[in-house]
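Asks: I'd like to ask some things about the structure below.
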Amino acid sequence: MDRRGFVQALAATGGAWAVGGGNGLAGDVVVGDREAGHAGQQETFSLDFAPHFGMFRAHGGGTPAGELQFMADQGFRALEDNGMRGRSREEQDRIAREMERLGMRMGVFVAHTIYWREANLASGDLAKRDEFLEEIRGSVEVAKRVNATWMTVVPGHVDLRLHPDFQTANVVESLKQAAAILEPHGLVMVLEPLNRRDHPGLFLSGIPQAFQICRAVDSPACKILDDLYHQQITEGNLIPNLDAAWDEIAYFQIGDNPGRREPTTGEINYANVFRHIRDKGYRGILGMEHGNSRSGAEGELEVIRAYRSVDPGG
């Protein structure tokens, strides 16, 4: 499932809210040797893994409140929702209240319209830059409403008419102006490089490129989102690259390769990667931006088992 698919799927999870945030499906679930669900709160994960709506639909009773309750009961203490900006204010408020009640943090949401096939920020087109900046201003209000700190920015498609260095200069200027909007609010846009197999033609594809841009913008409001799925495809060398860019990385996302499913389903040694991230003192959120390898309630439990197996512990 690619980024566009995630945004479309998550936008469809609005649904009805269960009164009181409970549901009748999670009570006696067994995950490994632990009882789960409302029968008892499970030990929190040592890293702040953040599921998304739809990942635990079967155990959440088909409601966002039910899913949030189930996530919290399983030891997750954060949520990621790419499509948050597209939700109504009322729903944003309900999600924020329920997360506050459960003691959960908000991860990233997508801050603006992503141009998948047309150059926008790379082009230097002032109208498109103004559109981007206006959407960033709107995302400030969303972030405040849902108690978010980070928002995802993808600079869009390359401009085939311009030299790459001119494109980089155009992107840097747009991001400097966006950073000036975000800085007074203590908010951070995280730049996400996407792999060119799933997303051919996008301007930003690698961690070194994102590092160079963040250094040029030179703002605490402009950092890197290191999506380990994308970077395994683009460049591999995950641990050395995150070490080299560490000062500019503010957020991680997870997905195994191939397939973009939960850890243990592909080639990435997530147990080692997570241990390294923990040992470096990371205290941020790691978004679970992947699908489930198996459908239904049992597939949802398999996701939890996988994360328990690779969680590095205290």
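The values are calculated or read from the model by the stated rules, or taken from the named source; none is laboratory data. Remember, predicted model here, so these are calculated numbers, not experimental data. Methodologically, a virtual Cβ is constructed for each residue, glycine included, from the backbone with ideal geometry; neighbour enumeration extends over all protein chains shown.
Asks: Quick one: Trp116 ticks every box in (1) part of a loop (DSSP other than H, G, I, E, B); (2) free of Cβ contacts under 8 Å to residues at least 24 places away in the same chain except a single one, so which number is it?
Replies: Condition not satisfied by Trp116: (2).
Asks: Taking interchain pairs and intrachain pairs at least six residues apart, which have beta carbon atoms under 7 angstrom, with the first residue in region 78-91 and farther than 14 Å from Phe252 by Cα and the second among the small types (Gly, Ala, Ser) and at pLDDT 95 or above?
Replies: Arg85/Ala111; Arg85/Ser139
Asks: Further question on the same structure: List the residue pairs whose Cβ atoms are under 6 Å apart, where the first residue sits in region 291-314 and is farther than 19 Å from Gln253 by Cα, the second is among the polar types (S, T, N, Q) and modelled with pLDDT of 95 or more, and the two are 6 or more positions apart or on different chains.
Replies: From region 291-314, the pairs are Gly299/Asn292; Gly314/Ser46.
Asks: Follow-up. Taking the conditions exactly as written (under 26 Å from Arg57 (Cβ atoms) and either buried (at least 21 other Cβ atoms within 10 Å of the Cβ) or touching a residue at least 24 places away in the same chain (Cβ under 8 Å) (or both)), does Gly259 satisfy them or not?
Replies: For Gly259, the condition - under 26 Å from Arg57 (Cβ atoms) and either buried (at least 21 other Cβ atoms within 10 Å of the Cβ) or touching a residue at least 24 places away in the same chain (Cβ under 8 Å) (or both) - is met.
Asks: Which residue pairs have Cβ atoms under 6 Å apart, sit 6 or more places apart or on different chains, and have a first residue in region 95-106 that is under 12 Å from Asp48 (Cβ atoms) and a second that is of a type outside the set (Lys, Arg) and surrounded by fewer than 17 Cβ atoms within 10 Å (Cβ to Cβ)?
Replies: Note: pairs meeting the criteria are Met106/Asn147.
Asks: Restricting to region 249-268, and then to whatever is in a strand (DSSP E or B) and hydrophobic (A, V, I, L, M, F, W, C), can you tell me which residue is nearest to Pro208 (Cα to Cα)?
Replies: That would be Ile249.
Asks: Go over the candidates Leu194, Leu204 one by one and state the one that is surrounded by 20 or more Cβ atoms within 10 Å (Cβ to Cβ), assigned to a loop (DSSP other than H, G, I, E, B), at pLDDT 95 or above and within 15 Å of the chain's Cα centre (by Cα).
Replies: Being surrounded by 20 or more Cβ atoms within 10 Å (Cβ to Cβ), assigned to a loop (DSSP other than H, G, I, E, B), at pLDDT 95 or above and within 15 Å of the chain's Cα centre (by Cα) holds for just one of Leu194, Leu204, which is Leu194.
Asks: Oh, and also: If I filter region 74-82 for residues that are buried (at least 23 other Cβ atoms within 10 Å of the Cβ), more than 25 Å from Leu191 (Cβ to Cβ) and modelled with pLDDT of 95 or more, do I get at least one hit?
Replies: Scanning region 74-82, I find at least one residue that is buried (at least 23 other Cβ atoms within 10 Å of the Cβ), more than 25 Å from Leu191 (Cβ to Cβ) and modelled with pLDDT of 95 or more, so the answer is yes.
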